[in-house]
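One structure is given below, encoded as C-alpha cells.
Any read-out appearing in this document is the output of simple, stated calculations on the displayed coordinates, not a laboratory observation. The model shown is predicted, which means the values in this text are computed figures rather than measured ones.
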C-alpha cells in the first residue's frame, strides 16, 4: 500500500476538510495507507534562522513525515482569500528543503468560494516543485451545503472527488516507473 500524508489545512476540530479527508481515506482504503497531520497549530512560527540549523524537533518530524510518504494530500479551506496561516507556516518550514520536490501531490480546496486560496496553494506547491496535475487539484465551492456528518451530499462533487482520486492514484503509479 502507498503511504499518503494528508495535511489538513483547517484549525477547526470538526471541519469540512477533515470530513473530506475521512471520505478520501474510506474511498482509498484498499490502495492507500493514510496518515493525517491535522495539528498545524502545534508547529512553531517560522523562523528562517532555524530553518537549516537548530531546527525545532516538531519541524524535523513534520519534514520526515513528508519525506517518508509516497504522496501528499493537502485539503484546506480558503481564509480571507488565501490559504490559512497555519498551513502557510508549515509549508514555509519546508522551503529550504527538497521534501516536496517531485513528491506526488493532490490538492483539495473546499471552502465557500476558494478560488484565490486554491490558486495560491498551487503556485506555492509549484514553487516547491511538488508534482501535481490539473486533475490532482480539486476546488469544491460551497462545501458547507455539499457535506454533512454522513458524507458528501452532492452527486457532482462525489463524481469530481472520484475522478480526482483516480488521477492521484495514477500520478503515484507513474511516479514509480
Would you mind telling me which residue in 142, 117, 71 has the biggest mean-square fluctuation in a Gaussian network model of the chain, where springs connect alpha carbons within a distance under 10 angstrom?
-> 142
Expressed as an acute angle from 0 to 90° and rounded to the nearest 10, what is the orientation of the C-alpha long axis of helix 57-68 relative to the principal long axis of the chain?
-> 60
Highest GNM mean-square fluctuation, the chain, Cα pairs closer than 10 Å: which of 49, 65, 119?
-> 49
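222 nm [θ] for the chain, helices only, -39500 (n - 2.57) per DSSP H run of 4+, per residue, to 500?
Working: 5 runs with 67 residues, N = 177.
For the chain, the value works out to -12000 deg cm²/dmol.
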Angle between the chain longest axis and helix 155-176 axis [Cα atoms, degrees, rounded to 10] | 40
Of 82, 96, 15, the one that fluctuates the most in a GNM where the chain has Cα springs shorter than 10 Å = 96
